[in-house]
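The values are calculated or read from the model by the stated rules, or taken from the named source; none is laboratory data. Just so we're clear, the structure is a prediction, and the values are computed from it rather than from any experiment. Virtual Cβ from ideal backbone geometry, glycine too; neighbours counted across all protein chains shown. Protein only, heavy atoms only, side chains kept; ligands, DNA and RNA dropped before computing areas. Shrake-Rupley method; radii C 1.70, N 1.55, O 1.52, S 1.80 Å.
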Amino acid sequence: MRIATVIGRVTLSVRHRSLKGERLLVVLPWGPKTAITGKDHDYSIVAYDELGAGVGSTVAVSESTEATRPFGEPTPVDAYCAALIDTLFYQAEDPRPVT
Amino acid sequence: MRLARIRGYVTSTVKHPSFERCRLLIAQPVDDKDVPDGSPQIVLDPLGAAIHEKVLLCSDGSWARDYLGDPRSPARWWIMGIVDPKGHLAL
């Protein structure tokens with residue numbers, strides 16, 4: 001699952017039959033340097049959301065075939081919002097001296 | 001499978017129910033020269049890896065689902081092993 005920042009939502013007027021009552025988030029997945037610089041995100045993707053994430057929150061997005069697992073029947077969804085992140089601790093380098 | 005460095009952890013209360021009883025760590029995939037390569041992943045940790053340790057990640061979601069005991073879990077990456085810091089790459 002990748003860490004992603006929610007930047008918006010998508011509302012569909014015409015949809016695939018499997019997407020009934022869907023909630024879609026536009027998210028920016030974090031790249032290797034995003035935790036430090038706050039930018040350099042990966043390209044934005046749209047994730048299916050059942051947890052109610054709002055714009056600006058940080059979520060964990062599950063992608064590829066694992067994104068279809070939470071649905072009972074096979075669903076053509078490839079990004080799924082699996083968790084809303086409360087706290088996130090990140091340390092890019094090991095501060096201990098190399099012994 | 002991929003080599004990665006553990007760089008932190010996440011806590012989450014509102015999440016998919018299958019993640020109730022597991023640790024979620026942030027693993028930064030690295031290449032053979034320990035240079036970050038690709039987006040950081042939130043991984044399941046059944047082994048208790050410490051921060052900044054080099055670990056071996058596996059993307060076999062089916063094992064992760066068995067481990068969590070929920071066939072509908074969106075889990076994918078998990079820690080398969082912790083690399084011996086004294087071990088030398090045979091490159």
Query raised in the report: Which numbered condition trips up B:Ser62, out of (1) more than 9 Å from every other protein chain (Cβ to nearest Cβ); (2) open to solvent by 70 Å² or more (accessible area, probe 1.4 Å); (3) hydroxyl-bearing (Ser, Thr, Tyr)?
Result: (2)
Requested in this report: Could you grab me the full set of residues in the stretch B:11-29 that are open to solvent by 10 Å² or more (accessible area, probe 1.4 Å) and more than 10 Å from the chain's Cα centre (by Cα)?
Outcome: B:Thr11, B:Ser12, B:Thr13, B:Val14, B:Lys15, B:His16, B:Pro17, B:Glu20, B:Arg21, B:Cys22
Report task. Go through the stretch A:65-85 and count every residue that is facing chain B (nearest Cβ under 7 Å) and under 14 Å from the mean Cα position of the chain (by Cα). Result -> 7
Query raised in the report: Is it the case that the stretch A:37-47 has a residue that's touching a residue at least 24 places away in the same chain (Cβ under 8 Å), β-branched (Val, Ile, Thr) and more than 14 Å from chain B (Cβ to nearest Cβ)?
Result: yes
Report task. Looking at (1) among the hydroxyl-bearing types (Ser, Thr, Tyr); (2) open to solvent by 20 Å² or more (accessible area, probe 1.4 Å); (3) assigned to a loop (DSSP other than H, G, I, E, B), find the lone condition where B:Ser73 falls short. Result -> (2)
